[in-house]
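The values are calculated or read from the model by the stated rules, or taken from the named source; none is laboratory data. Treat the numbers as computed from the prediction; the structure is a model and nothing was measured. Quick reminder, even Gly has a Cβ in these numbers, built from the backbone with ideal geometry, and neighbours come from all protein chains shown. The accessibility values were calculated without ligands, DNA or RNA, using every heavy atom of the protein model including side chains. Shrake-Rupley method; radii C 1.70, N 1.55, O 1.52, S 1.80 Å.
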Amino acid sequence: PHSTPHSTPPTMSRAPLTALAFWLLPSVCRAALGAVKLDNYTFDKAISFGPFDWLVKVDKTYPYGDVEDAFAELCKHVHPVKDLLVGEIPVSEYGDKENEDLSEKFGVKPDDFPALFLLKRGSFEGRVKFEGFADPRAKKPSDWDDDEDGRWEAPMLKDITLANLNLWLRRQGVKTPAIGTITELDEIVARFMASGMKDAEIDAVRKLAAGEHSNDKKAPMYVKIMEKVKSKGADYVQSELARVKKIMTGKISEEKEAELKDKVNILGVFLEKQP
């Protein structure tokens, strides 16, 4: 049968829509949640806007895999840091080779992807590339013999993981939230539990929670727990741990569950540090 002007064959009507969906979807999903897509039109404007630090990832157009998952996790993890912005520069190797000039500006080639740079206060000239760093938590083995084994060096952390990227940013002076518990506060807790629960240790944690760790929602938990332990005694830790775990068996929101998991981890530090 002949088609009328108002009856377009299905293959004709769906093809443009399919093509449109194909091109619109990647453009929407290209940047990770919490990251800003940058290109050679917006890059210079973006990094010069306000006194912000920028973490910029230069990568292929459609990244995937464990590294991209780690980057996506980091974007969410650092969102409380008000003076840090995260950007992605997708570089196309085909067609118009979108953003290839930006890739060259950063001095990276496709074989280097993904490449991550920290631009403190938006300074391109002062950019720092993530190339791995010595593990600051590593300790020289007690049985290490320099004469026999050579000069000891801490292992390098080169893999792009949430933990490594977060630690690297903190070492660069970016006040990102710690993952798990906060090592610096854990050390004060150890002194607090061992030295008779002195007010000076609570004051030290309170100062750090208001300053260096002001972006970390876990820091105030340390202060509250220390105050409770001071007023109720060390037995409070075990009883509170049991109470929190019981709450977690009930129906609670994902946000509350994450908060209580943090509290369980921190209470575990107090329990471990008891003399």
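Cα centroid separation, the stretch 209-224 to the stretch 55-83: 24 Å. Here the extension length gained between PHE113 and LYS60 equals 18.4 nm, from 0.36 nm per residue of separation less the Cα-Cα distance. Once the 1.4 Å probe is applied to the protein heavy atoms, the chain comes out at 62 Å² accessible per residue. Sorted from greatest to least, the principal axis extents spanned by the alpha carbons of the chain come out as 91, 57, 41 Å. One decimal place: the segment SER231-VAL244 gains 2.8 nm when fully extended, by the rule 0.36 nm per residue minus the C-alpha distance. Its relative contact order, with pairs defined as Cα atoms under 8 Å and 6+ residues apart, puts the chain at 15 percent. Rounded to the nearest 5, the antiparallel percentage of DSSP beta bridges internal to the chain is 45%.
Within 10 Å, count the other beta carbons around each residue, average over each peptide in 132-140, 58-66, 205-213, and list them highest first.
The most tightly packed comes first, giving 205-213, 58-66, 132-140.
Surface composition of the stretch 111-205: carbon and sulfur atoms hold 44% of the protein heavy-atom accessible area at a 1.4 Å probe. Taking 7 Å steps out from each Cα toward its Cβ at ARG127 and ASP147 produces label points 4.9 nm apart.
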